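Comments concern the structure below.
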Amino acid sequence: MNDVPAEDEQQLIERLRGGEREAFEMFVRRYCNPMYYVARRILRHDDDAREAMQEAFLSAFRKIHQFDARSQFSTWLHRIVVNAALKKLQVRERREKRTIDAFLPTFTDDDHHRIEPRCPILSSEELAQRNELRELLHQKINELPEIYRTVLLLRDIEGLDTEETAQSLQTTTDVVKTRLHRARQALRTLLEPWFSGDQL
């Protein structure tokens with residue numbers, strides 16, 4: 001996520017701690033694009049993503065003395081951006097609630113799939129690495145109900161671990177695991193027509 005030389009990054013951090021205006025402008029220019037796309041993936045709207053990113057950058061500037069270098073600076077900033085986007089997502093007017101049940105596989109009485117899935121068993125992270133499927137993947141993720149879409153994004157796209165995801169969403173690790181499992185199952189159902197050739 002970060003290709004800034006360590007010594008340059010450390011100098012920038014020290015200048016930020018000193019309250020230099022030019023350092024803040026450099027900080028924004030350096031991290032603006034990657035962090036905008038983090039917020040955009042979560043919020044899906046340009047204006048919301050920009051607002052969340054601005055709030056996150058100001059928050060990072062105010063909290064710069066709390067950065068202890070136990071992780072990369074970009075990782076620390078990434079978490080602040082994710083939290084700002086999630087906060088904005090929570091206060092934004094929610095879209096009509098949808099159930100995930102319609103996306104999940106169904107089974108016969110003897111525990112066999114009613115329709116045998118032909119979609120290969122791949123994590124959404126693996127799918128995202130395939131350039132030709134990335135756009136389709138994000139399109140289908142956006143069709144999931146909000147609580148499942150967000151968990152899938154944080155775990156499989158943004159790379160947060162289960163504990164970090166639970167903290168970000170203010171829930172338990174068990175809830176995260178359950179939602180993630182159901183989200184992955186639902187995503188496979190949504191992608192099935194493309195793997196089976198029905199949409200080609």
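The values are calculated or read from the model by the stated rules, or taken from the named source; none is laboratory data. Not measured: the values here are computed from a predicted model. Backbone-built Cβ (ideal geometry, glycine too); neighbour counts: all protein chains shown. We work out accessible area using only protein heavy atoms, side chains counted, and drop any ligands, DNA or RNA first. Shrake-Rupley method; radii C 1.70, N 1.55, O 1.52, S 1.80 Å.
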Margin query: With the structure loaded, tell me whether Leu187 is under 26 Å from Asp47 (Cα atoms), surrounded by 14 or more Cβ atoms within 10 Å (Cβ to Cβ), of a type outside the set (Asp, Glu) and at pLDDT 85 or above or whether it fails that test.
Written below: no
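For region 40-74, name all the residues that are among the aliphatic types (A, V, I, L, M) and either surrounded by fewer than 14 Cβ atoms within 10 Å (Cβ to Cβ) or over 22 Å from Ile157 (Cβ atoms) (or both).
So the first thing to find is which residues in region 40-74 are among the aliphatic types (A, V, I, L, M), and the list is 42-43, 49, 52-53, 56, 58, 60, 64, 69.
Hits for region 40-74 are Leu58, Ile64, Ala69.
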Check: How do the pairs read when you match residues in region 13-24 that are without any contact (Cβ under 8 Å) to a residue 24 or more places away in the chain with residues anywhere that are open to solvent by less than 50 Å² (accessible area, probe 1.4 Å), using Cβ under 8 Å and keeping only pairs 6 or more apart or on different chains?
Finding: Arg15/Ala23; Ala23/Leu12; Ala23/Leu16
Next item on the list: Could you list, in sequence order, all residues of region 162-183 that are crowded, with 17+ Cβ neighbours inside 10 Å and more than 14 Å from the chain's Cα centre (by Cα)?
Entry: Arg179, Arg182
Note to self: Can you find, within region 134-156, the residue that is nearest to Arg40 (Cα to Cα) among those that are assigned to a helix (DSSP H, G or I) and open to solvent by 40 Å² or more (accessible area, probe 1.4 Å)?
What the structure shows: His138
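Taking region 45-84 only, how many residues are in contact (Cβ under 8 Å) with a residue 60 or more places away in the chain and assigned to a helix (DSSP H, G or I)? Before the answer, list the steps.
Just the residues of region 45-84 that are in contact (Cβ under 8 Å) with a residue 60 or more places away in the chain, to begin with: 72-75, 78-79, 82-83.
Filter once more, so that each one left must be assigned to a helix (DSSP H, G or I): 73-75, 78-79, 82-83.
Of the residues in that region, 7 qualify.
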